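The values are calculated or read from the model by the stated rules, or taken from the named source; none is laboratory data. Since the model is a prediction, treat every value here as computed from it, not as a measurement. Here the Cβ is made from the backbone with ideal geometry for all residues, glycine too, and neighbour counts use every protein chain on show. Surface areas here come from the heavy atoms of the whole protein model, side chains and all, with no ligands, DNA or RNA. Shrake-Rupley method; radii C 1.70, N 1.55, O 1.52, S 1.80 Å.
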Amino acid sequence: MDYDRSTLRPRMMHIGFGAFARAHVMVFHDELLRRQNSDWGVVAVRLHSGAEDLTNLDRTGGLYTVGEMSGGDVSLREVGAVVETIHPLRDGMEALLDRVADPELSLITLTITEKGYCIANGHLDVDHADISRDLRAPASPGTAIGVIAEGLRRRRAAGHGPLTILSCDNLPSNGNLCRTAIAEYAERLDRSVAAWILSDCRFPSSMVDRITPAMTDDAQQTLTEALGRPDPNGILCEPFRQWVIEDRFAGERPDWDLAGAEFVADVAPYEEMKLRLLNGTHSFLAYLGALAGFQTIADCMKEPVLVQAARNLMLSEQAPTLDLPEGVDAIKYADTLIERFSNTALHHKTTQIASDGSQKLPQRLLAPIRQHLKAGRDWPLSAFAVAGWLLYCRGTSEQGGTLPVNDPLSGTIAQIAQGADGADFVREMLSLEAIFGDDLPRTPAFSDAVQSAYDQLRSDGVLTALS
Ligand code: CS2
């Protein structure tokens, strides 16, 4: 280890210590610790699955390996930032809430996925089963939102200072959404706590980027060979990493700029660019690629029709909806994405990216489509993406293989798919307000375009339809 870990204190907590966090947030943090004497140690938290992973991490004293993969090369880094792990099912909820309230803590970073914020129509979804359960028993919350709100309540009651909560999930204005969710939740616990959260705590937005597929047995094997021993918490990812953070913290912050992060006044242009060009195209490839029988994104990139379509989606349909950050060239950005997607060392499954479509479609594809509709522009590839999601939701690939539909709305989706086919299926799916709002289903230019793309996918198959 290149730095003295004995000086690290539990000053930062990361909730959602899964694959992405280990490969992204923690790598930036580790790099900072290599470059600066610092006491910013990390408390690694998971709320649901993963207790065993954290116990394994304790066994190695918090150390784990990140392998950056490109071609046949694996470049290894040992990350030493973790000083403590907490899992409420293993350690008890009090241990976690006490840590949030601890005066030494100043920052919570979050990777809890899109659905973790429990937002509907821009507000906390108080009808969400997990949120309503937490509100009935706020001292033993199950959601990250409930944990943070209750921890902040205790923190304030103990007279300790505010926290910064930094969202690192793929949502536009993720900081504001996080602030809304936590403050609206706290409002129901205690109005004065909500007021304190709004006035004193800070919720910077951030754009995060690093392609990090879920670990598989094969990936574990590759890592074991490169490392010379197994590492149950090890993770493989691409070499590229980017983190753009709104510079708005409640107190001191780690100098992640020393590790390559960018602190800026306004993250929105970076977030939109990445969500639409990278994630939007990822979803496009995930649904259409999986339907056409491709297992991974790199496999999709071996099919010229998909490469051309992905590039056209980025440059002809997504880029025109963006105010790109200064100095960014859309063509170069798109070419770099195609190159990153083509990394054959990463086995990034199309079905993994296809998960949680109901949570991803709105910001990745529907927001730009709304702009096209307003401007009277065509959006044929975006229509194929939405139609691809619809067809994917029926659960069968063109070869007859099973496609897993992992989604918070999977029950509703399965019901619609069982009850209807063809135009009725499309109409019923498009009337899911949580995804499409109440505007898109009432816009014939929208439903007609999606319907006709859907028909074309069904009659011609993905590759013919796209070419
Ligand atoms: C992907 C992202 O799974 C998905 O939905 O689009 O996880 C993507 O790999 C990351 O955002 C890349 O930074």
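List of remarks:
- The phi-based Karplus calculation (6.51 cos²θ - 1.76 cosθ + 1.60; θ = phi - 60°) puts the 3J(HN,Hα) values of the stretch 412-425 at 4, 4, 4, 4, 5, 5, 6, x, 8, 9, x, 5, 5, 4 Hz, whole numbers, x for Gly and Pro.
- Translational diffusion coefficient (Stokes-Einstein; Kirkwood radius from C-alpha pairs) of the stretch 245-399 at 25 °C, 0.890 mPa s, in µm²/s: 149
- Between the stretch 49-126 and the stretch 160-214, the Cα center-to-center distance that results, in Å: 16
- Cα gyration tensor shape of the stretch 339-435, rounded if a/c is under 1.5, else prolate or oblate by comparing a/b with b/c: oblate
- Of the residues 251, 296, 315, the one whose Cα sits farthest toward the positive end of the charge dipole of the chain, with +1 on the Cβ of Lys and Arg and -1 on the Cβ of Asp and Glu, is 251.
- The distance between label points at residue 247 and residue 1 comes to 3.1 nm (points 7 Å beyond Cα on the Cα→Cβ vector).
- Additional length obtainable on full extension of the chain from residue 452 to residue 126, 0.36 nm per residue less Cα span: 113.7 nm
- From most to least packed by mean Cβ count within 10 Å, the peptides 386-395, 400-409, 189-198, 308-317 give 386-395, 308-317, 189-198, 400-409.
- Computed with every protein chain present, the accessible area of residue 247 is close to 80 Å² [probe 1.4 Å].
- With 5 Å bins from 0: P(r) over the stretch 5-264, alpha-carbon pairs, percent: 1, 6, 13, 18, 20, 17, 12, 7, 3, 1, 0, 0
- The Cα atoms of the chain define a convex hull whose projected area, averaged across directions, is 21.4 nm².
- The separation of the stretch 268-338 from the stretch 7-36, counted between C-alpha centres, amounts to 29 Å.
- Spin-label pair residue 76/residue 157, simplified geometry with 7 Å Cα→Cβ offset, distance in nm: 4.7
- Potential extension, residue 432-residue 9 segment - 0.36 nm per residue separation minus Cα distance: 147.6 nm
- The antiparallel fraction among DSSP beta bridges confined to the chain stands at about 40%.
- Per residue, the convex hull spanned by the alpha carbons of the stretch 1-83 comes to 98 Å³.
- For the pair residue 339 and residue 240, the difference between a 0.36 nm per residue extended length and the Cα-Cα distance amounts to 34.5 nm.
- Report summary: the helix-based calculation at 222 nm, which adds -39500 (n - 2.57) for every DSSP H run with n ≥ 4 and divides by the residues of the chain, gives -13000 deg cm²/dmol.
- Take the Cα radius of gyration of the stretch 198-286 and divide it by 2.2 N^0.38 Å, N being the number of residues; the result is 1.41.
- Computed label-point distance, nm, for sites residue 227 and residue 58 using a 7 Å Cα→Cβ extension: 1.9
- Folded to 0 to 90 degrees: helix 281-291 orientation relative to the chain principal axis, Cα: 60
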